[in-house]
Amino acid sequence: MLFLDPQSSKTQKLPQPLMTSEETPETFPFSMIAGPCSIESYELFSEVARAVKKQGATALRGGIFKMRTRADAFQGLGGEALPIVKQVKQEVDLPFVCEITDPRQIAVLDEVVDVFQVGARNMHNYELLKELGKTHKPILLKRGLAAYLDEFLAAAEYIFKAGNTRVILCERGIRTFERSTRNTLDLSAVPYLKQKSQLPVMVDPSHGTGIRSLVSPMAWAAAAAGADGIIVEVHPRPQEALSDGEQALTIEDFEALVPRLNRILEAMDRPGLSSFQANLPAAKRTVPAWTN
Ligand code: PEP
Ligand code: MN
């Protein structure tokens, strides 16, 4: 058993090696993480949170410390976002997934963040991975911009080795010769990673395509490929977004995404969208519980 529940009294065993092709991948409850790219204001975050909760989102996303290509682009609200997150989490009662860009942010974010996200640009930041490995929260680890899948799994091992086995892998597109889309979403990564590890594998079709009209089709395809969840960006007025507006689903787009997603999950013989929290009682299973 590779992934013991942290509450279990049994000693956690590090997988050596992580990749064991004979093992049958676990089935995880499907998760849908949704929210704006960046938290811009209380009003925006609350509006999006309420809308996505209504459609069955299982967790919220929202950037606080952003990794922007340009130094003069919006860098996130930083610490100012914390009271906003606290308030909105209370309103919708959903866990919060947030990118962490520096180990010094652990103390600041710990209060409001339920799942730490490691962004694509930091997949190779092994010191950050080691520090997150000392925490007890689930880590959503994104694939690096040009990382081989085996390098991606090797990065996950840094978190394991430091003591945290609650790792969720996330395919978010890679750089290829193709310039028509922001990235090339590698959906073959989903069954590959599931066959080579026992970790849950999620897909980010927002960064994976960079184009709003491609996000829902790739979210459906991710579910059909066996992903354990999706993480998508939603903004009620994408043209006003301070980051990643071109790839944000509107609330109406998101409402249209969900029913077909549920039908695909049904066709895949897996339970549809179920809440992270509702799944906590099942923590006896040897899978990482999603929240503390
Ligand atoms: C994000 O999720 O907002 C983000 C920056 O993602 P990535 O690290 O995949 O580019
Ligand atoms: Mn983004």
Fraction of the pair-distance distribution of segment 94-253 above 19 Å, Cα-Cα pairs, percent: 54 percent
Distant-in-sequence amide H partners of Ile174 (H built 1.01 Å from N, under 5 Å): Thr184, Leu185, Asp186
Ascending count of other beta-carbon atoms within 10 Å, so fewest first, for His207, His136: His136, His207
Note, ³J(HN,Hα) from phi for segment 90-100, Karplus 6.51, -1.76, 1.60, rounded to Hz, x at Gly and Pro: 5, 5, 10, 6, 10, x, 10, 10, 8, 5, 10
Contour excess over end-to-end distance, with Cα ends at Glu255 and Lys86 and 0.36 nm allotted per residue: 58.3 nm
Karplus 3J(HN,Hα) series, Hz, for segment 212-218 with 6.51 cos²θ - 1.76 cosθ + 1.60 (x for Gly, Pro): 3, 5, 9, 5, 5, x, 6
Two-site label geometry, Met67 and Arg263: point separation in nm, points 7 Å out along Cα→Cβ: 3.6 nm
For Phe30, distant residues with modelled amide H under 5 Å away: Ser274
Nonlocal amide H pairs with Ile168, under 5 Å, H built at 1.01 Å: Ile139, Leu140, Leu141
Computed lengthening from Glu240 to His136, 0.36 nm per intervening residue step minus Cα-Cα distance: 33.8 nm
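Each reported figure results from applying straightforward, stated rules to the coordinates on display, with no laboratory input. This is a predicted model, so every value here is computed, not measured. Glycine gets a Cβ as well: all are built from the backbone with ideal geometry, and neighbour counts include every protein chain shown.
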